[in-house]
Amino acid sequence: MSRQKRSKKNPYKGDRFTSKAKDEGYMARSVYKLTEIDRRFRVFKQGQRVIDLGCYPGSWSQYVLQRVGGRGRLVGVDLSKPALPKGHFLAQSVFDVTAEELIEALGGEADVLVSDMAPKTSGVPHSDHVRQMELVRKALELANETLKPGGAFVVKIFDGEEVPAFQKLVKETFGKTRRIRPEAVRQVSREFFLLATEFKGRPEAVQGEEEGAEG
Ligand SMILES: C[S@@+](CC[C@H](N)C(=O)[O-])C[C@H]1O[C@@H](n2cnc3c(N)ncnc32)[C@H](O)[C@@H]1O
């Protein structure tokens, strides 16, 4: 088989992040997107409670489990369950999971919620964007319901027309947002990550406080 034919079948074959993931024992190359975000913005700390949406095959969970250490907790959600010795995994769609279940599995509210969720792509950029934004909005809904004040939210987004409205929504409940395109994202991809920090608290609590301040 020619080199050109092989790379068409698997765009990641021979890629340096794929080889690195194999050498370092990670389930997927996507781990290096999260390691870069963490290295630059110090997202994780020992002892934290973390939710990982779209966790299969498990490289983000592997990394988070190392970062939060023995006192930390991780709960992951995906249609398939990663084969990892540690962590608590729910094999179900994010649309069927509740905030209460996640908080119970963690033993308390979360410090960080990360989402690397993506639907199976069709190759049609607009429809892939629209379908992925449904997952992105669900991730924000769960972040608003499970994070403790001060918490952080990291979400993968395929860029497109729904992004500005989504970013506006994120700014309602988080003090700071940053748009990041890690080196491990392929050049041709419309993918980027939004890191939102300084969670203000559940939307109804924030609204209540604002009303109280005015009254
Ligand atoms: C890029 S992969 C995640 C890779 C993972 N972060 C890792 O490092 O191993 C995207 C994942 O999103 C998941 N996904 C797509 N739709 C989902 C849904 N409705 N609920 C939960 N997970 C979903 C897919 O099953 C897939 O495993």
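Scanning the chain for long hydrophobic helices, with DSSP H runs required to stretch 18 angstrom or more by C-alpha along their axis and to average at least 1.6 on the Kyte-Doolittle scale, returns nothing. Exactly which GluC sites (Glu not before Pro) in segment 122-195 are in a DSSP loop and have at most 12 other Cβ atoms within 10 Å? Within segment 122-195, the qualifying GluC sites (Glu not before Pro) (loop, at most 12 other Cβ atoms within 10 Å) are Glu161, Glu183. By other beta-carbon atoms within 10 Å, ranking Asp159, Asp111 with the fewest at the front produces Asp159, Asp111.
Solvent-free Debye calculation, one equal scatterer per alpha-carbon of the chain: log10 I(q)/I(0) at 0.13 Å⁻¹ equals -0.74. Under 5 Å between amide hydrogens, built in the peptide plane, is the criterion, and for Ala184 it picks out nothing among residues at least 5 positions away or on other chains.
Extension gain, Glu100 to Ser127: 0.36 nm times the residue separation minus the Cα-Cα distance gives 6.6 nm. Note on Thr177 and Lys86: the extension gain reaches 29.7 nm, defined as 0.36 nm multiplied by sequence separation minus the Cα-Cα distance.
Evaluated with a Cβ-only charge set (Lys, Arg +1; Asp, Glu -1), the chain carries a dipole of roughly 1740 debye about its Cα centre, given to the nearest 20.
Dipole of segment 3-214 computed with +1 at Lys/Arg Cβ and -1 at Asp/Glu Cβ about the Cα centre; of Leu169, Leu106, Phe41, farthest Cα towards the positive end is Phe41. In this simple spin-label approximation, Glu24 and Arg186 carry label points 7 Å from Cα along the Cα→Cβ vector, and these lie 2.1 nm apart. Arranged from fewest to most other beta-carbon atoms within 10 Å of their beta carbon, Thr35, Thr98 become Thr98, Thr35. Exposure proxy ranking for Val114, Val124, based on other Cβ atoms within 10 angstrom of each Cβ and starting from the fewest, stands as Val124, Val114.
Every number in this text was worked out from the coordinates using simple rules, so none of it is lab data. The model shown is predicted, which means the values in this text are computed figures rather than measured ones. Note that each Cβ is placed from the backbone with ideal geometry, even for glycine, and that neighbours are counted across all protein chains shown.
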